[in-house]
Amino acid sequence: MKFNDLIKQACEWLKGTGPNSNIVISSRIRLARNLKRIPFSHWANKKQKEEVLIRAKEALAASNYTKGALFLQLADLNNLDKQFLIERHLISKEHALRPNHRAVVIGDREILSIMINEEDHLRIQVMQSGFSLQEAWQIIRNIDEEFEKKLDFAYSQDWGYLTACPTNTGTGLRASVMLHLPALVMTRQINKVLQAITKLSLTARGFYGEGTEASGNFFQISNQVTLGHSEEDLLDNIERIIKQVIGHEQNARKALFEQDRPRVEDRIWRAFATLKNAHIITSKEAIDLFSKVRLGVDAGILKEGLDIQTINRIFILIQPAHLQKIERKALSPQERDIKRAELIRKELGGNRDV
């Protein structure tokens, strides 16, 4: 696989399949791991970071899970390429900011990605479509066990896996679920739900994780701490709470259509019409409109050859870096808005001639 092949393939987490995929976009498990006797990435010197890279690359070459994987040194990538990887949730914004002595490994269908020398020496991530935390856990547990045979991880009998941030110490596990919750937003119940999950040791962030707002009614919910709990307990807790959030969203959707169906349908059709006919559209406006269209597809209101997978695919293609990769050149913000509208019209079969 080559870097430019990524634009041609559909991300595993955007397949629109798996349990509750109409509400749950994706499930992710991430493990933070560090090598013994080497300072955490922010404190390591150049030689120590290079050692992490070399040892990690050797372990990856011997792994059954990373055979044929794409290995990218971030210093070799331009800003557009790094933003492209952020949009696909393969690296973090923090990882892209200081590219020297950093790398990312991307497995088949982007199910697996590993950031090297981010906040921790290794950030191992597995993503699955739909509400599939257990499936993601089974994959990443096997990968972690295989790596432990090749790498000597920093571990304490008292504290568990040692990490740069204290909130990751213990299991080093962060489980997160990306949800689409338009009905809870429309019925103004979302703040109540988010406040409730905070009291249950979970946290909610925007589409691109920490420090981002929840645009398009997309929310990323994850555990806050890992210390003092087993991996199974953490997963059981977040699964139980996410099931409750899914139930709240389902009830809110039912209530919306029972109490005010004409108005809701009108908002959905207006959103669809705008997307099909717009000639200039910003990323934020497009995401907000696609949120309504996604609701309309799930409710069976929009049936023009649309499905969740198609909407998910368009959703990622209209991101700024993706648009520029498709055009194979840098675009100004206005040029991106024009190209975004053009791409959406083409995908939805809208007005191309006006």
Please express the Cα-Cα pair-distance distribution P(r) of the chain as a list of whole percents, one per 20 Å bin, running from 0 to the bin with the greatest distance. 29, 56, 15, 0
Give me the angle, in degrees from 0 to 90, between the Cα long axis of helix 283-298 and the longest principal axis of the Cα atoms of the chain, rounded to the nearest 10. 70
Hey, which of these cross-link pairs are over 29 Å Cα-Cα: LYS47/LYS82; LYS192/LYS276; LYS49/LYS284; LYS254/LYS339; LYS46/LYS67? LYS192/LYS276; LYS49/LYS284; LYS254/LYS339
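Within the chain, which is the longest segment containing none of the GluC sites (Glu not before Pro) that sit in a DSSP loop and have at most 13 other Cβ atoms within 10 Å?
In the chain, the maximal stretch lacking such sites is 1-209.
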Just in region 266-354: which trypsin sites (Lys or Arg not before Pro) are loop by DSSP and have at most 15 other Cβ atoms within 10 Å? LYS303, ARG328, LYS329, ARG352
Quick one: length gained pulling ASN45 to GLU265 fully straight, 0.36 nm per residue minus the C-alpha distance? 73.4 nm
To the nearest 10 degrees, the tilt of helix 308-317 (Cα long axis) against the first principal axis of the alpha carbons of the chain is 70
How many percent of the alpha carbon pairs in region 136-250 exceed a separation of 25 Å? 30
Quick note on LYS36, LYS93, LYS82, LYS2, ordering by fewest other C-beta atoms within 10 Å, gives LYS2, LYS36, LYS93, LYS82
Among THR226, ILE268, GLN250, flag the residue with its Cα farthest along the positive direction of the charge dipole of region 217-278, charges on Cβ as +1 for Lys/Arg and -1 for Asp/Glu. ILE268
With axes computed from alpha carbons, what is the tilt in degrees of helix 133-148 against the longest principal axis of the chain, rounded to the nearest 10 within 0 to 90? 20
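Just so you know, all these numbers are worked out from the coordinates, no wet-lab data involved. The shown structure was predicted, so the numbers you read here are calculated from the model rather than taken from an experiment. Please note: Cβ atoms are built from the backbone with ideal geometry, for glycine as well, and neighbour counts cover all protein chains shown.
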